[in-house]
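J.: I am attaching a structure below and will ask some questions about it afterwards.
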Amino acid sequence: MSHPAPPAADAPLGDDIVRAYFQRRAMPVGLDAGFWMIGSRFSPDSRRLREFACRNRLPYRFVDLEQDRDGERMLRAADVPPGDTPLVIWFGGLVLRNPSNSELARALGLPAARPGAPIRDVLVVGAGPAGLAAAVHAAAEGLTTTVLDAVGTGGQAGDSSRVENHLGFPDGISGRELADRAVVQANRLGAEISVPATALALRPDGDLHVVRYDPGGLPLEMISRTVVIATGARYNGLDIAGFERAGVHYAATLMEARLCGGRPVAVVGGGDSAGQATLLLADVATEVYLVVREDEPGERMSRYLVDRISRHPRVVVLAHTEVAGVVGDGTLREVVVRENHSGARGTLPAQALFILTGARPNTGWLAGAVALDADGFVLTGHDAGRATGRDRPPQVLETSRLGVFAVGDVRVGAVRRVASAVADGAAAIRLLHEHLARTGSPVS
């Protein structure tokens, strides 16, 4: 069923409403409003829940047991042992003891895919820029559309403090706001977005496709005429002992920035994500050390980021340098670095380390379902055709399984920019229509 756009005359009013929505949504986040979370900042479960809340723009107040004595008093008053933390307290007296992401999502009313839903026209797996663009274009064309994501909307772009080179935003836009706008747009057009929902497997069912997924309990299945794979990639770690201790991060969001206020930090990476993280952290940290292997960060980083970093008084760039180790007992105290030309070693007084280096595709759930390259990225178009030897070669963004498309960072040859991911998502829907017309599949 199609969902017509509002009349053009209402467009200015709609813009005002959207702006007011985002302003009102940002206010409680900045004021630490919303639900309460009591736990240790060093707890992996506290970090997991805080990341989930941040990725889904859920306002909350974090009470750190390492610093706030009121937290300990609250636990004693509620007769909650420390082993049951983090504790989540919601309006109306709801108390959750170390909940899963799914339990927190359902308690706060995040939407979930309906069990036993009818066959979808389009099932998008992944809610980054590419997946959200596919959802917006599919829903706008009247296709029944569902989006699944394991953590939250926005993908890696949602962690970016500022996207300066996206068309239509002359002053730049945060990755978080860009994702929020896309979600509002997709929902308005009729797309269904379910978080958290982790894809587990993909299998054929005649001309249809079945995705098995975990919504945080018993695995469920969803059937669709077409599938768009938009699960993106995650950052690589560094193969050095001690890198799993507290203080090591693989994303730089407002959550991590708050933890680093008034402390020196180090960022590893030479791409745009590392540059954006450096600038975000430089606003709150006493000093930011940017560690890059190249002779200068401009080899892989956008020029506008390089220029801003070079002018920032609290950023120190360490070129042709790598991280060689970490120092600390349970928490990070120093980062050991090695200068590649001379081999000389030194230490940085960094109390947090942000690793934003190369990426690995999130394609473990696709093993045996579609053709992948040696690194696990999805083959599409002629590359996929050569891997399967089909009579009809797949279309440009189509995988080795006809009717299944791959967009964004998850595919071989992707240009890792937000605008390119959005273009992939839009193009996939056009190609998807051609597939449906060729196979004669009826559209809901």
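J.: Taking the options Pro129, Pro118, name whichever one is surrounded by fewer than 22 Cβ atoms within 10 Å (Cβ to Cβ) and either at pLDDT 95 or above or not basic (Lys, Arg) (or both).
T.: Numbers: Pro129 fails: surrounded by fewer than 22 Cβ atoms within 10 Å (Cβ to Cβ).
Only one candidate passes the filter, namely Pro118.
J.: So, in region 167-221, exactly how many residues are more than 13 Å from Pro129 (Cβ to Cβ) and assigned to a strand (DSSP E or B)?
T.: Summing the residues that are more than 13 Å from Pro129 (Cβ to Cβ) and assigned to a strand (DSSP E or B) in region 167-221 gives 20.
J.: Out of Ala127, Ala138, Ala117, Ala113, I need the residue that is in a helix (DSSP H, G or I) and of a type in the set (A, V, I, L, M). Which one?
T.: Numbers: Ala127 fails: in a helix (DSSP H, G or I); Ala117 fails: in a helix (DSSP H, G or I); Ala113 fails: in a helix (DSSP H, G or I).
The conditions single out Ala138.
J.: Can you tell me which of Gly262, Gly271 is at positive phi and modelled with pLDDT under 95? Outline the logic, then answer.
T.: Details: Gly271 fails: at positive phi.
None of the others qualify; the one that does is Gly262.
J.: Still on this structure, I have one more. Can you tell me which residue in region 355-381 is farthest from the chain's Cα centre (by Cα), limited to those that are of a type in the set (Gly, Ala, Ser) and not in a loop (DSSP other than H, G, I, E, B)? Before you say what the answer is, go through the steps one by one.
T.: Going through region 355-381, the residues of a type in the set (Gly, Ala, Ser) turn out to be 358-359, 364, 367-369, 371, 374, 376, 381.
This time we only want the ones that are not in a loop (DSSP other than H, G, I, E, B), so: 359, 364, 381.
Values: Ala359: 13, Gly364: 17, Gly381: 26 Å.
Across region 355-381, the extreme among qualifying residues is Gly381.
J.: Quick one: would you say Leu432 is aliphatic (A, V, I, L, M) and buried (at least 24 other Cβ atoms within 10 Å of the Cβ)?
T.: Numbers: aliphatic (A, V, I, L, M): yes; buried (at least 24 other Cβ atoms within 10 Å of the Cβ): yes.
When the stated conditions are applied, Leu432 passes them.
Conditions (1) modelled with pLDDT of 95 or more; (2) closer than 21 Å to Glu256 by Cα, marked per residue:
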{"site": "His137", "(1), (2)": "yes, no"}
{"site": "Thr144", "(1), (2)": "yes, no"}
{"site": "Val151", "(1), (2)": "no, yes"}
{"site": "Leu167", "(1), (2)": "no, no"}
{"site": "Ser174", "(1), (2)": "no, yes"}
{"site": "Glu177", "(1), (2)": "no, yes"}
{"site": "Ala199", "(1), (2)": "yes, no"}
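J.: Got a number for residues in region 217-234 being surrounded by fewer than 20 Cβ atoms within 10 Å (Cβ to Cβ) and within 30 Å of His249 (Cα to Cα)?
T.: So the count comes out to 3.
J.: Okay, next question. Does region 412-433 include one or more residues that are touching a helix residue (DSSP H, G or I) at 6+ places or on another chain (Cβ under 7 Å), of a type in the set (Gly, Ala, Ser) and part of a loop (DSSP other than H, G, I, E, B)? I'd like the intermediate steps shown before the answer.
T.: Here is the first cut: in region 412-433, the ones touching a helix residue (DSSP H, G or I) at 6+ places or on another chain (Cβ under 7 Å) are 412, 414, 416, 418, 421-422, 424-426, 428-429.
Next cut, of a type in the set (Gly, Ala, Ser) only: 414, 421, 425-426, 428.
Subsequent filtering for residues that are part of a loop (DSSP other than H, G, I, E, B) retains 414.
For region 412-433, residues touching a helix residue (DSSP H, G or I) at 6+ places or on another chain (Cβ under 7 Å), of a type in the set (Gly, Ala, Ser) and part of a loop (DSSP other than H, G, I, E, B): present.
J.: Sticking with this structure for a sec: Test Ala53 against the stated conditions and say whether it is under 25 Å from Thr331 (Cβ atoms) and either in contact (Cβ under 8 Å) with a residue 60 or more places away in the chain or surrounded by 13 or more Cβ atoms within 10 Å (Cβ to Cβ) (or both). Don't jump to the end; show me each part of the working.
T.: Values: under 25 Å from Thr331 (Cβ atoms): yes; either in contact (Cβ under 8 Å) with a residue 60 or more places away in the chain or surrounded by 13 or more Cβ atoms within 10 Å (Cβ to Cβ) (or both): yes.
So Ala53 passes the test.
J.: Any residue in region 279-297 that is surrounded by 18 or more Cβ atoms within 10 Å (Cβ to Cβ), under 23 Å from Asp180 (Cα atoms) and in contact with a Phe, Trp or Tyr (Cβ under 9 Å, 6 or more places away or on another chain)?
T.: Yes: region 279-297 contains one or more residues that are surrounded by 18 or more Cβ atoms within 10 Å (Cβ to Cβ), under 23 Å from Asp180 (Cα atoms) and in contact with a Phe, Trp or Tyr (Cβ under 9 Å, 6 or more places away or on another chain).
J.: Cβ-Cβ distance below 8 Å, separation of 6 or more or different chains: which pairs start in region 348-377 with a residue that is without any contact (Cβ under 8 Å) to a residue 24 or more places away in the chain and end on one that is buried (at least 21 other Cβ atoms within 10 Å of the Cβ) and in a loop (DSSP other than H, G, I, E, B)?
T.: Partner pairs satisfying both residue conditions: Leu372/Thr363; Leu372/Leu379; Gly376/Thr363.
J.: Then there is this: Within the group Glu294, Glu322, which residue is part of a loop (DSSP other than H, G, I, E, B), among the acidic types (Asp, Glu) and either touching a residue at least 24 places away in the same chain (Cβ under 8 Å) or outside the structural domain of Ala350 (by TED's automatic domain parsing) (or both)?
T.: Values: Glu322 fails: part of a loop (DSSP other than H, G, I, E, B).
Testing whether each residue is part of a loop (DSSP other than H, G, I, E, B), among the acidic types (Asp, Glu) and either touching a residue at least 24 places away in the same chain (Cβ under 8 Å) or outside the structural domain of Ala350 (by TED's automatic domain parsing) (or both) leaves just Glu294.
J.: Return the residue satisfying two criteria in turn: it lies in region 222-242 and is more than 16 Å from the chain's Cα centre (by Cα) and charged (D, E, K, R), and of such residues it is farthest from Ala134 (Cα to Cα).
T.: Selected residue: Asp239.
J.: Right, another one. Suppose we filter Leu348, Leu356 for residues that are closer than 23 Å to Glu287 by Cβ and out of contact with any Leu (no Cβ under 9 Å at 6 or more places or on another chain); which single one remains?
T.: Numbers: Leu348 fails: out of contact with any Leu (no Cβ under 9 Å at 6 or more places or on another chain).
Sole residue among the options that is closer than 23 Å to Glu287 by Cβ and out of contact with any Leu (no Cβ under 9 Å at 6 or more places or on another chain): Leu356.
J.: Sticking with this one: Taking Arg47 as the residue in question, decide whether it is basic (Lys, Arg), under 26 Å from Ala257 (Cα atoms), assigned to a helix (DSSP H, G or I) and at pLDDT below 90. Full working, then the answer.
T.: Numbers: basic (Lys, Arg): yes; under 26 Å from Ala257 (Cα atoms): yes; assigned to a helix (DSSP H, G or I): yes; at pLDDT below 90: yes.
So Arg47 fits the description; yes.
J.: Using the structure shown, decide if Ala257 is assigned to a helix (DSSP H, G or I), under 21 Å from Ala414 (Cα atoms) and not polar (S, T, N, Q).
T.: Details: assigned to a helix (DSSP H, G or I): yes; under 21 Å from Ala414 (Cα atoms): no; not polar (S, T, N, Q): yes.
When the stated conditions are applied, Ala257 does not pass them.
J.: Considering each of Leu167, Leu143, Leu123, Leu148 in turn, give the residue that is surrounded by fewer than 24 Cβ atoms within 10 Å (Cβ to Cβ), of a type outside the set (Gly, Ala, Ser) and in contact (Cβ under 8 Å) with a residue 24 or more places away in the chain.
T.: Details: Leu143 fails: surrounded by fewer than 24 Cβ atoms within 10 Å (Cβ to Cβ); Leu123 fails: surrounded by fewer than 24 Cβ atoms within 10 Å (Cβ to Cβ); Leu148 fails: surrounded by fewer than 24 Cβ atoms within 10 Å (Cβ to Cβ).
Criteria check complete, one pass: Leu167.
J.: Of all the residues that make up region 335-354, how many are out of contact with any Gly (no Cβ under 7 Å at 6 or more places or on another chain), of a type outside the set (Ser, Thr, Tyr) and either surrounded by 19 or more Cβ atoms within 10 Å (Cβ to Cβ) or part of a strand (DSSP E or B) (or both)?
T.: Within region 335-354, the first condition is being out of contact with any Gly (no Cβ under 7 Å at 6 or more places or on another chain), and the residues that meet it are 335, 338-350, 354.
Checking which are of a type outside the set (Ser, Thr, Tyr) leaves us with 335, 338-341, 343-346, 348-350, 354.
In the following step, the residues that additionally are either surrounded by 19 or more Cβ atoms within 10 Å (Cβ to Cβ) or part of a strand (DSSP E or B) (or both) were identified as 335, 338-339, 345-346, 348, 350, 354.
The number of residues fulfilling the criteria is 8.
The values are calculated or read from the model by the stated rules, or taken from the named source; none is laboratory data. Quick caveat: nothing in here was measured; it's all calculated off a predicted structure. Neighbour counts run over all protein chains shown; Cβ positions are idealised from the backbone, glycine included.
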